[in-house]
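A.B. asks: What follows is a single structure, and I will ask about it in a moment.
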């Protein structure tokens, strides 16, 4: 129990410090991104526009066809307005109607201010999408923001900011991941189609080469047949001619000795 109490105390110190609380929210956001997307599908500390602040994380979306080397960034920034949320929870537990109303108005103002800050800093089309995501690291805080009448629509329509909790962000990223896979399949299918078209073109040429080779082989075959026929005719005519020794035949025909018959004096030529 003492160890558990120490752990709870450490967690309270983290959540009570604004800087450490922001780091905790950013760490949680990074963990969700790393579980769903690959390392080349998002980036950390992205400067959407020169001279502006860097956003904590941004998802890398495909750019326009003429600018494939320039991605379009989807900014995601984590926020954790813990104080306003806790005051609202405490007022709700104490059944303090005035406290609930005051804390609700404070939470609403805080969320709108954060959304406005994200809009001004990180939304810069065409370098970015025309909207950004405000990530709330706890489901309870996200559910409370959704409960505020008209707040979600105001954030989307006026400030172009989509609020997401851990579960909602995971669903959004999974949808993007499926979209990335679809684009990759379409790109590969296009490449395969291009290769097949090239093969078809070359195969047409190959057919022409085969036809040409067939004609040449046909000509060679006819020539060989004609030569064989002439050879048989000459053999029949020379059948009754007396053969003479090989050496004497070479001398008469002025032929050089060949390697095949050089050592065989008994061979004779017609």
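A.B. asks: How many residues are surrounded by fewer than 17 Cβ atoms within 10 Å (Cβ to Cβ) and farther than 16 Å from residue 147 by Cβ when one looks only at segment 103-115?
C.D. replies: 1
A.B. asks: Consider residue 127 carefully, then state whether it is surrounded by fewer than 20 Cβ atoms within 10 Å (Cβ to Cβ) and within 41 Å of the chain's Cα centre (by Cα).
C.D. replies: On the way: surrounded by fewer than 20 Cβ atoms within 10 Å (Cβ to Cβ): yes; within 41 Å of the chain's Cα centre (by Cα): yes.
Taking the combined requirement at face value, the residue satisfies it.
A.B. asks: So, residue 130, is that one touching a strand residue (DSSP E or B) at 6+ places or on another chain (Cβ under 7 Å) and under 29 Å from residue 33 (Cα atoms) or not?
C.D. replies: no
A.B. asks: Could you list, in sequence order, all residues of segment 130-140 that are surrounded by fewer than 21 Cβ atoms within 10 Å (Cβ to Cβ) and touching a helix residue (DSSP H, G or I) at 6+ places or on another chain (Cβ under 7 Å)? Before the answer, list the steps.
C.D. replies: Initial filter on segment 130-140 (surrounded by fewer than 21 Cβ atoms within 10 Å (Cβ to Cβ)): 130-131, 138-140.
Selection gives 139 alone.
A.B. asks: Can you find, within segment 142-153, the residue that is surrounded by the fewest Cβ atoms within 10 Å (Cβ to Cβ) among those that are touching a helix residue (DSSP H, G or I) at 6+ places or on another chain (Cβ under 7 Å) and within 18 Å of residue 117 (Cα to Cα)?
C.D. replies: Selected residue: 152.
A.B. asks: Within segment 156-179, track down each residue that is without any contact (Cβ under 8 Å) to a residue 24 or more places away in the chain and within 21 Å of residue 137 (Cβ to Cβ).
C.D. replies: Matches in segment 156-179: 171, 175.
A.B. asks: Given the options 87, 44, name the one that is surrounded by 10 or more Cβ atoms within 10 Å (Cβ to Cβ) and modelled with pLDDT under 90. Explain how you work it out, then say what you get.
C.D. replies: Details: 44 fails: modelled with pLDDT under 90.
So the residue among 87, 44 that is surrounded by 10 or more Cβ atoms within 10 Å (Cβ to Cβ) and modelled with pLDDT under 90 is 87.
A.B. asks: Can I ask one more? Among the residues that make up segment 227-249, is at least one of them surrounded by 10 or more Cβ atoms within 10 Å (Cβ to Cβ), touching a helix residue (DSSP H, G or I) at 6+ places or on another chain (Cβ under 9 Å) and either at pLDDT 70 or above or not in a helix (DSSP H, G or I) (or both)?
C.D. replies: Yes, there is a match, as at least one residue in segment 227-249 is surrounded by 10 or more Cβ atoms within 10 Å (Cβ to Cβ), touching a helix residue (DSSP H, G or I) at 6+ places or on another chain (Cβ under 9 Å) and either at pLDDT 70 or above or not in a helix (DSSP H, G or I) (or both).
A.B. asks: Test of understanding: among 153, 130, 96, which residue is free of Cβ contacts under 8 Å to residues at least 40 places away in the same chain and closer than 22 Å to residue 42 by Cα?
C.D. replies: Numbers: 153 fails: closer than 22 Å to residue 42 by Cα; 96 fails: closer than 22 Å to residue 42 by Cα.
Within the list 153, 130, 96, the selection yields 130.
The values are calculated or read from the model by the stated rules, or taken from the named source; none is laboratory data. Quick caveat: nothing in here was measured; it's all calculated off a predicted structure. Positions of Cβ are backbone-derived with ideal geometry, glycine not excepted, and every protein chain shown enters the neighbour counts.
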